[in-house]
1. Of the numbered conditions (1) of a type outside the set (Phe, Trp, Tyr); (2) in contact with a helix residue (DSSP H, G or I) (Cβ under 6 Å, 6 or more places away or on another chain); (3) under 23 Å from A:Glu218 (Cα atoms), A:Ile142 fails exactly one; give the number of that condition.
2. Please go through (1) within 22 Å of the chain's Cα centre (by Cα); (2) part of a helix (DSSP H, G or I); (3) in contact (Cβ under 8 Å) with a residue 24 or more places away in the chain for B:Ala80 and return the number of the only condition it doesn't satisfy.
3. Scanning region B:42-60 for residues that are in a loop (DSSP other than H, G, I, E, B) and either of a type in the set (A, V, I, L, M, F, W, C) or at pLDDT below 95 (or both), which turns out surrounded by the most Cβ atoms within 10 Å (Cβ to Cβ)?
4. Listed residues A:Asp156, A:Asp160; which is touching a Gly at 6+ places or on another chain (Cβ under 6 Å), of a type outside the set (Gly, Ala, Ser) and closer than 19 Å to A:Ile204 by Cβ?
5. In the set B:Gly63, B:Gly87, which member is in a strand (DSSP E or B), surrounded by 15 or more Cβ atoms within 10 Å (Cβ to Cβ) and under 14 Å from the mean Cα position of the chain (by Cα)?
6. Within region A:33-45, is there a residue that is surrounded by 15 or more Cβ atoms within 10 Å (Cβ to Cβ), away from chain B (no Cβ under 14 Å), part of a loop (DSSP other than H, G, I, E, B) and not β-branched (Val, Ile, Thr)?
7. Can you name every residue in region A:46-79 that is outside any helix (DSSP H, G or I) and at negative phi?
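The values are calculated or read from the model by the stated rules, or taken from the named source; none is laboratory data. Treat the numbers as computed from the prediction; the structure is a model and nothing was measured. Here the Cβ positions follow ideal geometry from the backbone for every residue, glycine too, while neighbour counts run over all protein chains shown.
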Amino acid sequence: MAHSLRPAFDRELSKIRDNLLRMGSLVDAAIERSVESLKNRDAAMARQIIQDDAVINDLRFTIEEECLTLIATQQPAAGDLRMVVAAMNIVNDMERMGDHATGIAKTVIRMSDQPLLKPLIDIPRMANLARDMLKRSLDAFIARDAVAARAVAAQDDDIDHLYKAIFDELLAIMAQDPNTIPRGTYLLWCAHNLERIGDRVTNIAERVIFMTTGTMKELNV
Amino acid sequence: MAKFSVEHLDFYYGPKRTLLDVSMEISEREITALIGPSGCGKSTFLRCLNRMNDTIDGTRVVGKIALEGQDIYAPQVDVADLRRRVGLVFQKPNPFPKSIFENVAFGPRVLGLTRDLNERVEQSLRGAALWDEVKDHLHESALGLSLGQQQRLCIARVLAVEPEVILMDEPCSALDPIATLSIEELMRELKERYTIVIVTHNMQQAARVSDRAGLFWLGELVEFDLTGKLFTRPANEVTESYITGRFG
């Protein structure tokens, strides 16, 4: 590590990184718990997820504020500036991921008195993939690892394939028996939220690549 | 289009080489900022551009600096004319202990440009964004002006002899932030008509005001690029370390 002439500035950067990781673990927990509440049709847990989303939202504003203050007072440049700008974008994406977890929780509340249309197999798979991608994208952010970030983005294809499989399967079930449409639609909403979470992680990977290389490029278009 | 083309420039103070193989092109009607730590060679380089270093004994230039294709170190070059074409604004405002009018009129008088002198002084003061503040006090001492006004007067003095290039060596280091911003704004206006090269220790100033920026380090020009790129995506590790305050 190069010798720094700005230890106080470096401490501020570390604080932003730490808060960003904390936010990441809260979002990860929200995704995990939302699918858990879906599996168990646990409305109480779903309500708690919705309530806890406020913490994620607050943390997003806290980090944004820290970034703004750092830009205004310390004038970061080059790699530091890219890191701060990347962090501001990443917290925005993570906040939306929290909203998607909340979206699943809201669906769970609506469907909690009804049995699941089918056993959950691919939806938990999607959730696990999304959580793994989120964790690895944040690892890549900390390690400034563009190669790892690209690998994360590539994994979004797996989520998209699972989503398509779920979509096709549910559509077939609903076509056969229109009585299943409400319950099928609920599951589709949940899968759609997970698919969007995958897209948000791809955005994070793009920001890590930008931060590391200075190149801004949309992935998985 | 390049106003200056610098090729493989070395500069020596006696036996000591303080600029090493500097090559760059300075674009016309742009602001070029030179940054780097003290002693890195940026001011020396700036003063090579109008041969101000000639006044220091024991200095020597190797390589080539061309102004619009003409080698400024060629024997037939009229150095006084070169310095008229390439004016220099110093770190500390240095008005003459004369009236505001006489400060601006001094250069034109020396060069025999006395026709329409009043008009020339007014245009120069307008060009330096000082006219409105001093038009009713033209014959009062320049030393009564604020530092920011004095520096703009020095810029007006340069403008009065119709230069093509304005070199600025830390022009705002003696000024408060408001006066600094007004000089920076003036620079943006001046670049419509002049080529400007500024040496500054203030990296944020370089970032704010320049079109291109170069980092000098131990006598070498380690990176020279568009300012937006240099401050967000520098290609060189030394630049990255310097502008982020980290040294390897």
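1. With respect to (1) of a type outside the set (Phe, Trp, Tyr); (2) in contact with a helix residue (DSSP H, G or I) (Cβ under 6 Å, 6 or more places away or on another chain); (3) under 23 Å from A:Glu218 (Cα atoms), A:Ile142 is out only on (2).
2. Only one criterion in (1) within 22 Å of the chain's Cα centre (by Cα); (2) part of a helix (DSSP H, G or I); (3) in contact (Cβ under 8 Å) with a residue 24 or more places away in the chain is unmet by B:Ala80, namely (3).
3. Keep residues of region B:42-60 that are in a loop (DSSP other than H, G, I, E, B), which gives B:49-51, B:56-58.
Next cut, either of a type in the set (A, V, I, L, M, F, W, C) or at pLDDT below 95 (or both) only: B:49, B:56-58.
Values: B:Leu49: 22, B:Ile56: 10, B:Asp57: 7, B:Gly58: 9.
So the residue we want is B:Leu49.
4. Values: A:Asp160 fails: touching a Gly at 6+ places or on another chain (Cβ under 6 Å).
Matching residue, one of A:Asp156, A:Asp160: A:Asp156.
5. B:Gly87
6. Checking region A:33-45: at least one residue is surrounded by 15 or more Cβ atoms within 10 Å (Cβ to Cβ), away from chain B (no Cβ under 14 Å), part of a loop (DSSP other than H, G, I, E, B) and not β-branched (Val, Ile, Thr).
7. Answer for region A:46-79, where residues must be outside any helix (DSSP H, G or I) and at negative phi: A:Pro76, A:Ala77.
So that you can scan it fast, the table gives a plain yes or no per residue for (1) outside any loop (DSSP other than H, G, I, E, B); (2) over 16 Å from the mean Cα position of the chain (by Cα); (3) not hydrophobic (A, V, I, L, M, F, W, C):
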| position | (1), (2), (3) |
| --- | --- |
| B:Gln149 | yes, yes, yes |
| B:Ile155 | yes, no, no |
| B:Pro171 | no, no, yes |
| B:Leu181 | yes, yes, no |
| B:Leu186 | yes, no, no |
| B:His201 | no, no, yes |
